[in-house]
Amino acid sequence: MKTCLITGVSKGLGKALALKFKKEGFTVAGISRSKPDFNIDYHIQVDLTDKNAVEEIYEKFSQKYNRLDVLINNAGIGLYDSWENTKEEDLRKLFEINFFKTVLITQKFLPFLKETKGSVINVSSVAGKIYVPFMGTYCSSKFALNAFSDSLRAELKPYEVHVLNLIVGRINTGFSSRALGSLKPPETPSFGGSAEKFSEVVFKAYKKKKREITFPYWYKFLIVISKIFPYLYDNISLKSWKK
Ligand SMILES: NC(=O)c1ccc[n+]([C@@H]2O[C@H](COP(=O)([O-])OP(=O)(O)OC[C@H]3O[C@@H](n4cnc5c(N)ncnc54)[C@H](OP(=O)(O)O)[C@@H]3O)[C@@H](O)[C@H]2O)c1
């Protein structure tokens, strides 16, 4: 049976992806600090900021399973603050979860994925394509993640390991309320984006071995507009913070 490992499985997008892959017949293992409130084949309770997190995940997973078909790097946190006021501790924590552990977990599981000619699915963000003021740290972590996905995809081509990068727009999961930093983000709409719909779209993209998708799709236009009219985008994005 095909096996899928998901980081950040306890809630939000990770939970929706776990339920979808399970429904499609996968054995689903997942990682998070809190226990999932739904049925999962194997849960590894780990804090990704722990020094030994990667070793612990690998040991526990490989004691139970001898194959991995899909690795979904989904765990992530936000940070809302100015560059001037961002605390070093928060910045390091953000990069530890959103970037470093994503890279290190992927490295560790590549032998499994090469064996199955499997897939790496990275949950990135629209904030990895366009900057947002007072979210610069989060944007930086997701810009880095996009570069990781694209270069990894090229490196893994000879091994037929597929890399799918997800450019995700706003989806109501409570993500913002759990973010680091001293600011509260402005309310922005999440037109057309539920976690369930997201999981359906991601599964289709995985089956079609797509390189990258944007969800909800309309964020593609926002990305293009921000590149064509950068001064206008600066002003609008800054204004959105003024209540
Ligand atoms: N929701 C959005 O609008 C949106 C938009 C763009 C991109 N994204 C990206 O989508 C991904 C998932 O976001 P979400 O909306 O589902 O967020 P969420 O509801 O806050 O879920 C985050 C998941 O990550 C896990 N996690 C957080 N810190 C962890 C740690 N230190 N160790 C282990 N697990 C940890 C959480 O589990 P525990 O708390 O149980 O540890 C939880 O399962 C993130 O990478 C995010 O950047 C989300």
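Go through segment 33-74 residue by residue and tally those that are among the basic types (Lys, Arg), out of contact with any helix residue (DSSP H, G or I) (no Cβ under 9 Å at 6 or more places or on another chain) and in contact (Cβ under 8 Å) with a residue 12 or more places away in the chain.
Count: 4.
If a residue must be out of contact with any Leu (no Cβ under 7 Å at 6 or more places or on another chain) and either assigned to a helix (DSSP H, G or I) or within 12 Å of the ligand (Cβ to nearest atom) (or both), how many such residues does segment 54-75 contain?
Final tally of qualifying residues: 10.
Which residue out of Lys101, Lys93, Lys51 is within 12 Å of the ligand (Cβ to nearest atom), within 23 Å of Phe148 (Cα to Cα) and surrounded by fewer than 18 Cβ atoms within 10 Å (Cβ to Cβ)?
Answer to the check: Lys93.
Give Phe95, Phe134 a once-over and let me know the one that is in a helix (DSSP H, G or I), farther than 21 Å from Phe198 by Cβ and not hydroxyl-bearing (Ser, Thr, Tyr).
Going through Phe95, Phe134 in turn, the sole match is Phe95.
Is it the case that some residue within segment 163-173 is away from the ligand (no atom under 11 Å from the Cβ) and either without any contact (Cβ under 8 Å) to a residue 12 or more places away in the chain or not hydrophobic (A, V, I, L, M, F, W, C) (or both)?
yes
One residue is enough: does segment 177-187 have a residue meeting the conditions within 16 Å of the chain's Cα centre (by Cα) and at pLDDT 95 or above?
yes
Restricting the search to segment 206-232, which residues are surrounded by 12 or more Cβ atoms within 10 Å (Cβ to Cβ), of a type in the set (A, V, I, L, M) and either without any contact (Cβ under 8 Å) to a residue 12 or more places away in the chain or farther than 27 Å from Leu156 by Cα (or both)?
Answer for segment 206-232, where residues must be surrounded by 12 or more Cβ atoms within 10 Å (Cβ to Cβ), of a type in the set (A, V, I, L, M) and either without any contact (Cβ under 8 Å) to a residue 12 or more places away in the chain or farther than 27 Å from Leu156 by Cα (or both): Leu222, Ile223, Val224, Ile225.
Could you pull out the residue among Lys2, Lys35 that is over 19 Å from Ser140 (Cα atoms) and either within 10 Å of the ligand (Cβ to nearest atom) or under 18 Å from the mean Cα position of the chain (by Cα) (or both)?
Lys35
Looking at (1) crowded, with 18+ Cβ neighbours inside 10 Å; (2) part of a loop (DSSP other than H, G, I, E, B), which one does Ile6 not meet, given that it meets all the others?
For Ile6, the failing item is (2).
List the number of the failed condition for Ala18; all other conditions in (1) near the ligand (Cβ under 8 Å from one of its atoms); (2) in a helix (DSSP H, G or I); (3) aliphatic (A, V, I, L, M) hold.
(1)
Check segment 84-100 and report whether any residue there is in contact (Cβ under 8 Å) with a residue 60 or more places away in the chain, among the acidic types (Asp, Glu) and farther than 22 Å from Thr214 by Cβ.
So far as segment 84-100 goes, yes, one or more of its residues are in contact (Cβ under 8 Å) with a residue 60 or more places away in the chain, among the acidic types (Asp, Glu) and farther than 22 Å from Thr214 by Cβ.
Just one of Gly25, Gly78, Gly8 is within 23 Å of Glu200 (Cα to Cα) and within 12 Å of the ligand (Cβ to nearest atom); which is it?
Gly8
Restricting attention to segment 174-208, and to residues there that are outside any helix (DSSP H, G or I) and within 18 Å of Val9 (Cα to Cα), which single residue is farthest from the ligand (Cβ to nearest atom)?
Residue satisfying both the conditions and the ranking: Ser194.
Could you figure out which of (1) buried (at least 20 other Cβ atoms within 10 Å of the Cβ); (2) in contact with a helix residue (DSSP H, G or I) (Cβ under 7 Å, 6 or more places away or on another chain); (3) assigned to a helix (DSSP H, G or I) isn't true of Ser140?
The single condition Ser140 does not satisfy is (2).
I'd like the full set of residues that are of a type in the set (S, T, N, Q) and within 12 Å of the ligand (Cβ to nearest atom), limited to segment 209-232.
Thr214
Would you mind finding the one in Phe134, Phe148 that is more than 12 Å from the ligand (Cβ to nearest atom), over 25 Å from Lys208 (Cα atoms), modelled with pLDDT of 95 or more and buried (at least 18 other Cβ atoms within 10 Å of the Cβ)?
Phe134 is the lone residue from the list that is more than 12 Å from the ligand (Cβ to nearest atom), over 25 Å from Lys208 (Cα atoms), modelled with pLDDT of 95 or more and buried (at least 18 other Cβ atoms within 10 Å of the Cβ).
The values are calculated or read from the model by the stated rules, or taken from the named source; none is laboratory data. Nothing here was measured: the structure is a model prediction, and the numbers come from that model. Quick reminder, even Gly has a Cβ in these numbers, built from the backbone with ideal geometry, and neighbours come from all protein chains shown.
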